[in-house]
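> I'd like to ask you about the structure that follows.
The values are calculated or read from the model by the stated rules, or taken from the named source; none is laboratory data. All values reported here derive from a predicted model rather than from experimental measurement. In this analysis, Cβ positions are derived from the backbone assuming ideal geometry, glycine residues included, and neighbour counts consider all displayed protein chains. Please note that ligands, DNA and RNA were not included when accessible areas were found on the heavy atoms of the full protein model with its side chains. Shrake-Rupley method; radii C 1.70, N 1.55, O 1.52, S 1.80 Å.
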Amino acid sequence: MSESTRRVGLPCPACSPDLETVHEVLREGGQATVRCTECDHVHKTALSEERTVERDVVVSQDGESFTATTEPPAEESLAVGEEFLLDTDEAIMTVRITSLEVADGRVEAATAEDIETIWSRAVGNVSVNATVHPKSGAHDETRGETLHVPGDYEFVVGATDDLGDFEFTVEGIHLRDDARGYDHEKLDHDRDSAVAKDVNRLYLRDETSDAWSAW
C-alpha cells in the first residue's frame with residue numbers, strides 16, 4: 001500500500017484527449033486538480049470517489065501481537081512481503097505483510113476487498129537474535145545476544161561493527177522466510193549483506209575481548 005501521491009488514469013486534454021494517461025492528483029475536491037505525467041499539463045476534472053474497506057491488521061512485535069485497522073482502497077492488490085505505514089493507537093509504524101487471510105484460508109496475494117485479515121510484523125525497529133562466540137573461537141563459550149536496531153540497519157558478512165559497548169564481526173546471516181530479493185537463505189560470503197528486518201539470526205564473533213564469561 002503506497003503512501004505516495006495518488007495517481008489515476010484520465011484523458012489529458014493537451015496530449016491525449018481520447019486515451020487515458022497517468023495523472024498525479026495535486027488537490028482533491030469536487031473539481032480535483034491533476035497533472036498529466038506524460039506532458040505535465042495541469043487541469044481540473046471530477047474524480048470518482050475511491051471506495052475503501054476497513055480491514056483488521058494483526059501486528060507481531062518482539063514476540064507479542066496486537067490488532068489494529070487500516071482502510072485500503074477496495075480494489076488495491078496486496079501481497080506478502082509488501083510494507084506499509086499503519087496508524088495504531090500507540091504510534092505510526094512500518095509493518096510488513098506476512099500472510100493474507102481470505103474466506104478460503106491464507107493466500108500470498110489478494111485484493112483488499114477479498115481480504116478478511118492482514119497478518120504482519122513491525123519492521124521499523126526490530127530485535128535481531130544473534131549467536132556470539134569469543135574471539136578465541138572456543139565454541140563451548142558461545143552465548144546468545146539480542147540486538148535492537150532500526151529495521152533498515154545493514155549487517156555485512158566480514159565487516160566489524162559496534163553497537164554500544166559490543167564490538168563484533170559478522171560471520172553469517174540467516175534470513176527470515178518473508179525476506180525478498182536475496183539469492184540464498186543463508187549468507188556467509190564476504191560482503192554478503194542484509195538489512196535487520198530481513199534477518200532471522202546473526203552469527204557473530206565477539207571483538208570486545210579475548211575472554212569473557214556468560215555472566
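> Among the residues of segment 146-161, are any over 30 Å from THR88 (Cα atoms) and among the charged types (D, E, K, R)?
yes
> Moving on to the next point. List pairs: first residue in segment 47-59 and modelled with pLDDT of 85 or more, second residue outside any strand (DSSP E or B) anywhere in the structure, Cβ distance under 6 angstrom, at least six positions apart or on different chains.
Cβ pairs passing all conditions: THR52/GLU71; VAL53/ALA74; VAL53/ALA112; VAL53/GLU113; GLU54/GLU71.
> Follow-up question, since we're still on this one. Test each condition in (1) under 30 Å from the mean Cα position of the chain (by Cα); (2) modelled with pLDDT of 90 or more for SER4 and report the one that comes out false.
(2)
> Scan segment 79-110 residue by residue and report those that are open to solvent by 50 Å² or more (accessible area, probe 1.4 Å) and either in contact (Cβ under 8 Å) with a residue 24 or more places away in the chain or within 12 Å of the chain's Cα centre (by Cα) (or both).
Result: GLU82, GLU83, LEU85, THR98, GLU108, ALA109.
> Quick one: count up the residues across segment 43-69 that are open to solvent by less than 20 Å² (accessible area, probe 1.4 Å) and part of a strand (DSSP E or B).
Pass one, segment 43-69, residues open to solvent by less than 20 Å² (accessible area, probe 1.4 Å): 53, 57, 59, 68.
Next cut, part of a strand (DSSP E or B) only: 57, 59, 68.
Within segment 43-69, residues that are open to solvent by less than 20 Å² (accessible area, probe 1.4 Å) and part of a strand (DSSP E or B) number 3.
> For residues in segment 145-168 being hydroxyl-bearing (Ser, Thr, Tyr) and surrounded by fewer than 16 Cβ atoms within 10 Å (Cβ to Cβ), which is nearest to ALA79 (Cα to Cα)?
Step by step, filter segment 145-168, then rank; the result is THR146.
> Further question: Scan segment 160-193 for residues that are under 13 Å from the mean Cα position of the chain (by Cα) and of a type in the set (A, V, I, L, M) and jot them down.
Hit for segment 160-193 is ALA179, nothing else.
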